[in-house]
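Novice: Structure in structure tokens, see below.
The values are calculated or read from the model by the stated rules, or taken from the named source; none is laboratory data. Because the structure is predicted, anything quoted here is derived from the model rather than measured. Here the Cβ positions follow ideal geometry from the backbone for every residue, glycine too, while neighbour counts run over all protein chains shown.
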Amino acid sequence: MKETTEEQLDRLSLKQALVDADMATARVIDLTERLVDARRQLVDARSELEHLRMEYAQYKAEQEQMQNSAAYRLASKIWAVRNALGL
Amino acid sequence: MLSGSEASWRVLVALLVYDGEEHVGPCLASLAHMKPGSHSSEVLILDDASPTPGSSDRCREMTTDLGFEYYRSPRNLGIPRNKNLAMLHAVEAGYDAVVLLNADTQVPANLISTLIRPLIENPFVSSTTAWSNNSSVYSLPNRDPDHLVQVPGLVDWLSEELDNEFEGQATTIPSGVGFCMAMPTSAIQDVGVMDPVFDRGSSMEIDWCQRSHSMGYRSVLAPACFVYHAGSGIEEAEGSMGDGERIANTHQAIIDDRYSQYRSQLLTLLSSGTIDGIREKANGRIIICAAREKGYRLEVSRLHQNADDHDAVRFRVDPTGGVPAITATYEGFEQSFAVAEDGVLQTVENLIGKSPDEIRIFDHGRFAQDLEADAKMLAIDRVLRRTPYREQVL
């Protein structure tokens, strides 16, 4: 029996809906995998950033401590005198 | 499938409907008087489960009265899936091409021949988009577009004149525009259907066309075909079902990611002057042909008086000659022409090939004096002077 246009469109619509559903599922899985991967990278990057911040704070504290020492202050004065005398 | 001017294609016109009853009736009426010429066409209405009570029943009734096919989806599919249904049906039912048409349009009698011609002439064209008052960046602007469909036969006349001007001309564009786009089924078989990720949006055609370009096809604008497009129809209605702006931005981001060259292609085309050149030719053709057929009026005025007087073909010039150009208008279309050395009257007469029906002089100035003198010399007695005081306050 010849298929009517309505029957043909029903069939095409259903067939395409199944394809779209399969594609949507595959896309969700793919996007989820990439999202998980991106989140992992983000966590790693944040952790590394935090680590570097702590390291930076530590170095900064050490530098300040050094600049406040008597030896550093004396060396700075000698350097200023040298510059003033043009040596 | 034949090729060239001998070809006779079987074309499916798929009208995508989602409510918008005020547009559907006039659109169906325009489809009913299409003259496909050597081609054959069938119209299929795809009602995407219009939600307004009774809307689908009325649509079905109007459709079947005109002998068109009607199909209502059991549930709302969204724009890309509804378009896909049309494309898949066209492929399976053995059509040579499908025209995807929004319901907020009114088509000319020569729709099929003008839109299909570029597809027949070049098998590497994957889509043709109609020229319109509202066709994204490719529009032929009009001051009062809704008036175009209030004048019986005007859309047909415009499209005939543009067909005479442009014949089979096809201008390559980075993407078709979905309100009225024709695609050969052979390209659909190669490229596939619209990506449903662009649901509730309007970037699906960009994606489809760009996908086709990556396979060696190109998309073209057919300036020989003029379709009226209200531009507030199906996409806006279905788009408004979600968070429209956020969705549009997301779709744009997908396009930018997939086709980084798309924006630059668009900017290159727009800055090349190609589209402006087509617009200029189109407006010139419309105004000159209307003036030849209906007669015209020459006005010397600083102000655009009686701007709603669309039916008359008007050539307007600044009385002082401060702006050495003639601005011509007809049915909301506008085009400027440079004034030649032999004066305003001679310039217009050379363009149109006959004298004006009437000259209206609203204010004084060099051009006004020259025109009066020329009219006197040529014994044109239809000169109306209206200068009780200055036109402009300052």
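Novice: Tell me which residues, restricted to region B:338-394, are within 22 Å of B:Glu293 (Cα to Cα) and β-branched (Val, Ile, Thr).
Specialist: B:Val344, B:Thr347, B:Val348, B:Ile352, B:Ile359, B:Ile380, B:Val383
Novice: Please name all residue pairs, on different chains or six or more residues apart, with Cβ atoms under 6 Å, provided the first residue is in region A:18-42 and is within 14 Å of chain B (Cβ to nearest Cβ) and the second residue is surrounded by 10 or more Cβ atoms within 10 Å (Cβ to Cβ).
Specialist: Taking only residues 6 or more apart or on different chains, the pairs are A:Asp20/B:Pro196.
Novice: Search region B:322-338 for residues being surrounded by fewer than 21 Cβ atoms within 10 Å (Cβ to Cβ) and β-branched (Val, Ile, Thr), and hand back the single one that is farthest from the chain's Cα centre (by Cα).
Specialist: The residue in question is B:Val323.
Yes/no per residue for (1) under 13 Å from the mean Cα position of the chain (by Cα); (2) modelled with pLDDT of 95 or more:
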residue	(1), (2)
B:Trp131	yes, no
B:Asn134	yes, no
B:Pro152	no, no
B:Val155	yes, yes
B:Ser159	yes, yes
B:Asp163	yes, yes
B:Thr171	no, yes
B:Pro174	no, yes
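Novice: Kindly provide the set of residues from region B:282-312 that are farther than 15 Å from B:Thr347 by Cβ, in contact with a helix residue (DSSP H, G or I) (Cβ under 7 Å, 6 or more places away or on another chain) and either assigned to a loop (DSSP other than H, G, I, E, B) or among the hydrophobic types (A, V, I, L, M, F, W, C) (or both), ordered by number.
Specialist: Correct list: B:Ala282, B:Ile286, B:Cys289, B:His310.
Novice: I need the full set of residues from region A:1-15 which are of a type in the set (A, V, I, L, M, F, W, C) and at pLDDT 90 or above, in order please. Break it down into steps so the answer makes sense when it comes.
Specialist: Start the filter on region A:1-15 by keeping residues that are of a type in the set (A, V, I, L, M, F, W, C), which leaves A:1, A:9, A:12, A:14.
Scanning region A:1-15 gives A:Leu9, A:Leu12, A:Leu14.
Novice: If we keep just the residues of region B:228-266 that are in contact with a strand residue (DSSP E or B) (Cβ under 9 Å, 6 or more places away or on another chain), surrounded by 18 or more Cβ atoms within 10 Å (Cβ to Cβ) and in a helix (DSSP H, G or I), which is modelled with the highest pLDDT?
Specialist: B:Glu235
Novice: Within region B:50-82, can you find the residues that are crowded, with 16+ Cβ neighbours inside 10 Å, hydrophobic (A, V, I, L, M, F, W, C) and either within 14 Å of chain A (Cβ to nearest Cβ) or free of Cβ contacts under 8 Å to residues at least 40 places away in the same chain (or both)?
Specialist: B:Met62, B:Phe68, B:Leu77, B:Ile79
Novice: Next question, about the same structure. Has region A:2-14 got any residue that is within 14 Å of chain B (Cβ to nearest Cβ), of a type outside the set (S, T, N, Q) and either over 30 Å from B:Ile45 (Cβ atoms) or surrounded by fewer than 10 Cβ atoms within 10 Å (Cβ to Cβ) (or both)? Don't jump to the end; show me each part of the working.
Specialist: Narrowing region A:2-14 to residues within 14 Å of chain B (Cβ to nearest Cβ): A:2-14.
Filter again for of a type outside the set (S, T, N, Q), leaving A:2-3, A:6-7, A:9-12, A:14.
Next cut, either over 30 Å from B:Ile45 (Cβ atoms) or surrounded by fewer than 10 Cβ atoms within 10 Å (Cβ to Cβ) (or both) only: A:2.
Taking every residue of region A:2-14 in turn, at least one turns out to be within 14 Å of chain B (Cβ to nearest Cβ), of a type outside the set (S, T, N, Q) and either over 30 Å from B:Ile45 (Cβ atoms) or surrounded by fewer than 10 Cβ atoms within 10 Å (Cβ to Cβ) (or both).
Novice: Give region B:350-369 a look and list any residue that's surrounded by fewer than 18 Cβ atoms within 10 Å (Cβ to Cβ) and at negative phi, or say none.
Specialist: Once the filter is applied, which keeps residues that are surrounded by fewer than 18 Cβ atoms within 10 Å (Cβ to Cβ) and at negative phi, region B:350-369 yields B:Asn350, B:Lys354, B:Asp357, B:Glu358, B:His364, B:Arg366, B:Gln369.
Novice: Would it be correct to say that B:Ala187 is in a strand (DSSP E or B) and not basic (Lys, Arg)? I'd like the intermediate steps shown before the answer.
Specialist: Numbers: in a strand (DSSP E or B): no; not basic (Lys, Arg): yes.
Answer is no for this residue.
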